[in-house]
Amino acid sequence: MLDADRIPRHVAIIMDGNGRWAAAKGVPRLAGHNAGMKAMIEIVDRADKLGIKHLTVYAFSTENWKRSAEEVSGIFKLLIKYVQSELKKIMDNNVRIRILGDPSAIPQDALRSVEKAINDTADNTGLQFNIALNYGGRDDIRRAVSSIAEEVREGKISPEDITEDTISDRLYTGKEFTGCGDPELIIRTSGEERLSNVLLWQCAYSEFVFVDDLWPDFTPEKFEKAIEVYQNRNRRYGGR
Ligand code: IPE
Ligand code: IPE
Ligand code: MG
């Protein structure tokens, strides 16, 4: 049973396996991404009901540009489609949408649609739904380092004043951006057991739950199971 008093504050999900799901069904990869979007909507809904404060989904990595132009543009088209069709429900549920990642490379129409969702939901106080889009953990750290270097050059801070918080604050998860902080739990679907460049700094003490289900098959019930696994872990943070 889920312990309602120990729901993690921030859960991140590496939504993997859309392509394999499509291949197994003999349908185009984009049909897999479409099914993946539907699964994601269900998980957002459940995360909200469970009282999770921040849900981060890894939707597109800085490495995913290596895929065919057709697949990449298809993924962004699906994003536009579902942001539009879901926005009313998102508003009704008081969910706030944020983006983690570098927006500059995102196709204009997708960016406009996502920015509208970010603006429309800016005052919502319920679940914060972070979409990691053109996100890379190394790029996240690189940007933070670059901004700190700039402040050192301007004489605003000195090198010996740089603490771990100085870095954390400047990441996409930091208080200068989305404020969602480090995830207590990172879930990855599809049987792969790697981070693929997500939240590299932030995962220092995250718990990992890997499940074999391909992302479109990941149901809210399986999501709750993963949280239950997390609740049964013994987190020690290096202490005894
Ligand atoms: C995850 O599914 C979605 C994205 C990375 C955009 P994949 O497309 O990686 O699916 P597999 O890993 O090929 O099965
Ligand atoms: C990770 O999945 C990225 C997202 C889920 C957005 P990938 O399918 O891109 O990762 P690799 O290539 O298997 O490491
Ligand atoms: Mg994959």
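The values are calculated or read from the model by the stated rules, or taken from the named source; none is laboratory data. Since we're looking at a predicted model, the values are computed, not measured. Reconstructed Cβ throughout: ideal geometry from the backbone, glycine too, with neighbour counts over all protein chains shown. These area figures cover heavy atoms from the full protein model, side chains too; ligands, DNA and RNA do not enter into them. Shrake-Rupley method; radii C 1.70, N 1.55, O 1.52, S 1.80 Å.
Charge tally for Asp140 (other residues, Cβ to Cβ under 10 Å; Lys, Arg +1; Asp, Glu -1): +2. Dipole magnitude for the chain: computed about the Cα centre from +1 point charges on Lys and Arg Cβ and -1 point charges on Asp and Glu Cβ, it is near 460 debye. Qualifying chymotrypsin sites (Phe, Trp or Tyr not before Pro) in the stretch 51-134, where qualification requires a DSSP coil assignment and no more than 13 other C-beta atoms within 10 Å, are lacking entirely.
Taking the stretch 72-114 and a reference point 7 angstrom along Cα→Cβ of Glu150, the backbone N atoms nearer than 15 Å belong to 102-104. Partners of Lys222 within straight-line reach, counting lysines whose Cα lies under 29 Å from its Cα and excluding those fewer than 8 residues away in the same chain: Lys25, Lys38, Lys49, Lys53, Lys77, Lys81, Lys88, Lys89.
Length gained on full extension, Asp102 to Ile157: 17.3 nm, using 0.36 nm per residue less the C-alpha separation. Using a probe of 1.4 angstrom and keeping all protein chains present, the accessible surface of the stretch 1-104 works out to 48 square angstrom per residue. With the helix formula -39500 (n - 2.57) applied to DSSP H stretches of n ≥ 4, the chain reaches a computed 222 nm mean residue ellipticity of -14000 deg cm²/dmol. Compared with the alpha-carbon gap, the fully stretched path from Arg142 to Lys49 is longer by 30.0 nm at 0.36 nm per residue. A crude spin-label estimate for the pair Glu176 and Leu2, with each label 7 Å from Cα along the Cβ direction, gives 3.5 nm. For GluC sites (Glu not before Pro), the sites in the stretch 120-183 that DSSP calls loop and that have at most 16 other Cβ atoms within 10 Å are Glu154, Glu176. Charge dipole (Cα centre; +1 on Lys/Arg Cβ, -1 on Asp/Glu Cβ; no other charges) of the stretch 3-60 amounts to roughly 160 debye.
Kindly list the residues of the stretch 184-203 that lie in the label zone of Asp212, defined by a backbone N under 13 Å from the point 7 Å along the Cα-to-C-beta vector. Flagged as within label range: 190-192. Here the chain exposes an accessible surface that is 50 percent carbon and sulfur, computed with a 1.4 Å probe and the other protein chains kept in place.
With K and R counted +1 and D and E -1, the other residues having a Cβ less than 11 Å from that of Arg194 yield a net charge of -2.
Shape verdict for the stretch 6-149, please, from the Cα gyration tensor: rounded (a/c under 1.5), prolate (a/b greater than b/c) or oblate. Taking the square roots of the gyration eigenvalues as a ≥ b ≥ c, the stretch 6-149 is rounded.
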